[in-house]
1. Ignore the peptide's own chain and count Cβ atoms of other chains within 10 Å of each Cβ in A:78-91; give me the average, rounded.
2. If the label for D:V132 sits 7 angstrom from Cα along the Cα-to-Cβ line, what are its distances to the same label in every other copy, in nm to one decimal, shortest first?
3. At what distance in nm do the modelled label points of A:V132 and B:E261 sit from each other, each positioned 7 Å from its Cα along Cα→Cβ?
4. When N is the residue count of region D:63-212, what does its C-alpha Rg come to as a fraction of 2.2 N^0.38 Å?
5. With only alpha-carbon pairs counted, each pair once and no self-pairs, how large is the Kirkwood hydrodynamic radius of chain D in angstroms?
6. Every other copy gets compared here: list the nm distances from the B:G44 label point (7 Å along Cα to Cβ) to its counterparts, shortest first, one decimal.
7. Which of B:G198, B:G168, B:G51 moves the most in a Gaussian network model of chain B with Cα springs under 10 Å?
8. So how do D:R75, A:R241, C:R47, A:R227 line up by other beta-carbon neighbours within 10 Å, fewest first?
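Any read-out appearing in this document is the output of simple, stated calculations on the displayed coordinates, not a laboratory observation. For clarity, every value in this text was computed on a predicted model and none was experimentally measured. No Cβ is skipped: glycine too gets one built from the backbone with ideal geometry, and neighbour counts run over all protein chains shown.
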There are 4 protein chains.
Amino acid sequence: MTTHRLVCNAWHNVLGTVPPALRIGDGDCVVTETLDAMGMDKDGVSRAGGGNPMNGPIYVEGAMPGDMLLVEILRMTPIRAMGWTRAALAANVVQPDRVRDLPQRKRTEWHIDIAAATVSLAEPVAGLEQLVLPLDPMIGCFGVAPALGQAFSTATSAENGGNMDYRGFGPSAKVWFPVFVPGALFFLGDCHAVQGDGEIVGTGVETAMEVEVRLSVVKGKSAVWPRGETEDAILTVGNARPLDQALQHATTEMFDWLTSEYGLSAVAASHLMGQVIRYDVGNVFDPAYTMVARIEKRWLPPKVPG
Amino acid sequence: MTTHRLVCNAWHNVLGTVPPALRIGDGDCVVTETLDAMGMDKDGVSRAGGGNPMNGPIYVEGAMPGDMLLVEILRMTPIRAMGWTRAALAANVVQPDRVRDLPQRKRTEWHIDIAAATVSLAEPVAGLEQLVLPLDPMIGCFGVAPALGQAFSTATSAENGGNMDYRGFGPSAKVWFPVFVPGALFFLGDCHAVQGDGEIVGTGVETAMEVEVRLSVVKGKSAVWPRGETEDAILTVGNARPLDQALQHATTEMFDWLTSEYGLSAVAASHLMGQVIRYDVGNVFDPAYTMVARIEKRWLPPKVPG
Amino acid sequence: MTTHRLVCNAWHNVLGTVPPALRIGDGDCVVTETLDAMGMDKDGVSRAGGGNPMNGPIYVEGAMPGDMLLVEILRMTPIRAMGWTRAALAANVVQPDRVRDLPQRKRTEWHIDIAAATVSLAEPVAGLEQLVLPLDPMIGCFGVAPALGQAFSTATSAENGGNMDYRGFGPSAKVWFPVFVPGALFFLGDCHAVQGDGEIVGTGVETAMEVEVRLSVVKGKSAVWPRGETEDAILTVGNARPLDQALQHATTEMFDWLTSEYGLSAVAASHLMGQVIRYDVGNVFDPAYTMVARIEKRWLPPKVPG
Amino acid sequence: MTTHRLVCNAWHNVLGTVPPALRIGDGDCVVTETLDAMGMDKDGVSRAGGGNPMNGPIYVEGAMPGDMLLVEILRMTPIRAMGWTRAALAANVVQPDRVRDLPQRKRTEWHIDIAAATVSLAEPVAGLEQLVLPLDPMIGCFGVAPALGQAFSTATSAENGGNMDYRGFGPSAKVWFPVFVPGALFFLGDCHAVQGDGEIVGTGVETAMEVEVRLSVVKGKSAVWPRGETEDAILTVGNARPLDQALQHATTEMFDWLTSEYGLSAVAASHLMGQVIRYDVGNVFDPAYTMVARIEKRWLPPKVPG
């Protein structure tokens, strides 16, 4: 197993089939420093334009359409003490009159105390003087190149991942993406120090991070939507509008997973999902919304060998 | 404080302005035995038709339009060892072809072990032989009469509550409903021994329960949507389609709560909600879907007196 | 055949099971004067509160659940020269910032020239000095009592009709409503002198009209959603959110009509609908949106006897 | 003015920034033969894979981001007597059980009588023996490359056009697309001999056509969504899910057009749109749905010079 360091001088505002920035072997690790959502690096220097500039893509040897790419998030280390958010709820998640006079695009700064592993507002805000949040890092936008020569803005998400903004995608999480092009072409960026469900102010606490991931090819299994695993749960992701449709995709993917790999009949999968499923809301700010279906491992039967 | 026992001989399939079954004082308690969602009582005898037959309504002295009715769920005790679910995921939460050949309306029985506080399938199902769920009681359908002489089926939900199927509405939870008619006219029924998010098989584990609630009138505060409180969080409820709209209602109600009672400015409420909000999915099976916005109490500033 | 004159002294803001204002025989006609959407009568006197106050209900002898009620709109005569609209696009049909500073609730008056059969702004508006619209009367809100003791606000619509605001429901149109309660309990009101698709300013040109309808019971045929017929087309109505769902209901009802009464197989109905269907947008302002599916009669095969 | 003939040997399944197949001057005409939606040419030979293979792209000299590209559809001539449709309503536009046993993917052939300008089923179908539809050609999928290096599948649509399947886009129609990349990069294909609203069987009558268009650059005016003009109306297009959102985009674009080029105030535009707007439903089969807002020219004030 090899660990590569990916140092970027150019970034992408789409997930698509573009020349790889790095080629690695199946199972290799990559360490890379991400820019924040506006393209600022760890020193506060603007390095890239557009929204959510991506590091990559990384070509993984052996990955072919029909495979899955396993992404293990091994480590996420903030490399800047300054994070920022927008100052108002997005107009689509609240009655618009509530926020019509707020400075929607204004940036508010937060202090990331890396040693203490906490996040707090840089300037005092009345009523929130005591608000000290635990650092809870996550990757907002990552995924692989889509099929057919398509290229999707990092403002949105689809079957190939993208800007899902799910707080479960943090250190120790595993994510499987369907592979659509040779080499998979993996992108990542847009890391958050902490974020509520839905990314309802249009941001988490946006900052620069050093991220370490391991990328592996899974042959002979496929999925329509991203799948994931945390310490205590398995999960599936749907990205679409309206949110009902995202929920339907995530639920279908979970159903398919349970019936194909856990040996459950359709009725048994219905029984299990009906009584133990949990839904988490990812991004509800972007063109496609994200819904996650999650089942705790303690309720799962053993995996079927094969 | 008085405790009343409400014994019903007739039930309602709507929440509307119908003659009260009981009149109580502000702050009184009520103990009542509910039927299950199909109208079966604790002995398995069919007592009422339609879906989700309601006990009530209960007229609370002093409640007037513009007030809020506080419902404290003091106790929920299963009074039948048999619960049941449907055997297949609802066709709207999954790709329909996954469930097209399943027995959608078939009832599957579960065993409720009241002493052990567990719930498990009555007949073994391959792969789920070890599935023993903790008893986690909740009220599926409850609320008050809506405004304007309207009457809504207990198959759906709206500003007045109704069939929200939110697993957070269990013992020790508090819920505030806006009052639309004199006496509020409170209804309840449709209790579940356990349920996953979304009620995605169209049921939780449906059973009969003895429920004890305290009903109190809150003067001088009002809300558009139901509000709630659990041991460690406050929450707001939106009921609508699509799910995006339900989320928008719940988020708006939380924003209004934080800015009116917790002294936060609109910007401060945005900051807080943006980084700590959690969304829970209630019913996604009925005509109106339910979304809950939740904030843990540890992040809240003190309430403003008044 | 008898013609009844219905003179109301009380009006309803719901479609529900309330005592009938009139009982008529199957096939009788009724002439009645409606109030406008705010309760003003032909003399501009406020007679009723709430939105869309309804004349009725009319109990039709012999109508029973499972039947259909045929409503023939024989005549609609404006009885007031003043109509009014709201002055701004509704915030949900346009990017909210476009209308945030407009006087949303302000009433603008229009002049209805009954002799010339035209409608024009009462006060000149720059750029619209030449705008003279043909009078095109329609019933905004009508329908029957829903099932189960439910009662729905005249601000919305459902399987029983209600506030559909479809401009095809004018003189010479026929509409069939499913009957849910004995006597059907037919309500009508909220007439418009003219209206664009969608009722996107929240109103048509609201006025008082004298309406003549014939009400007949159709035994042995049923429908889930309202059906209609104009001089040159048949149509079906879906009322729901989002608009996709309304479209799905209307399409399903058309499919069912073609396969049950026109002798088409499912494949033949698909062929016909696929190449000739037209969709019209009714209300997109209310809690439930309205979509109409329409097929010109010239494309229809002969009805199957029976 | 020059007329170019574009003969393709390669086709694209995306609208994106790919090398142009032809470069033309501002205002030049192009004649080209399109393949059908499955890639079959005028002789029934399969020439391209994927869905909706596109001719192009055509680079128009002088077109720059911020301009609009005017597409005048001068002529559409069927060049094959065989057209085809799918045999069943799409599962998302009807209750799924209505079509669950139909051969969804089966192709049904239609005969296009070019001389008579009619379209009819190639094999008799019971009940539709007399169905002879007028030829009503339209371009199903056309548009320009999107911004930011994105590339969108020809199965969907967005601000840049794409698979809108609107029957108003036929001979003599004009369409304006926002330009996002130098040269605009115009694509077209997927022509239909006739099609109902919504493309609800997933196809119109799919065939090969010879199409002639004139492409011109409009400097100094811009739009967010496609705009169009037919002989008697102006129109705007929104592409999104759910259909409500598409309607909102189309309505906003019409509002912006009326207030910027026709000199109407926001209130005047509201008055006009409120009483005369018509909505047409384009594609409701694809990932993004299409809604068209249309106003007849007879209601428009004169354009403001400039």
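1. That works out to 3 on average.
2. Spelled out, the distances from D:V132's label point are 4.3, 7.7, 8.5 nm.
3. Here the modelled spin labels are 2.8 nm apart.
4. Its radius of gyration relative to the 2.2 N^0.38 Å reference: 1.15.
5. Numbers: mean 1/r = 0.0510 Å⁻¹.
Taking the inverse mean of 1/r over all distinct Cα pairs, chain D comes out at 19.6 Å.
6. B:G44 label point versus its equivalents elsewhere: 6.6, 7.2, 7.3 nm.
7. B:G51
8. Starting with the residue having the fewest Cβ neighbours, the order is D:R75, C:R47, A:R241, A:R227.
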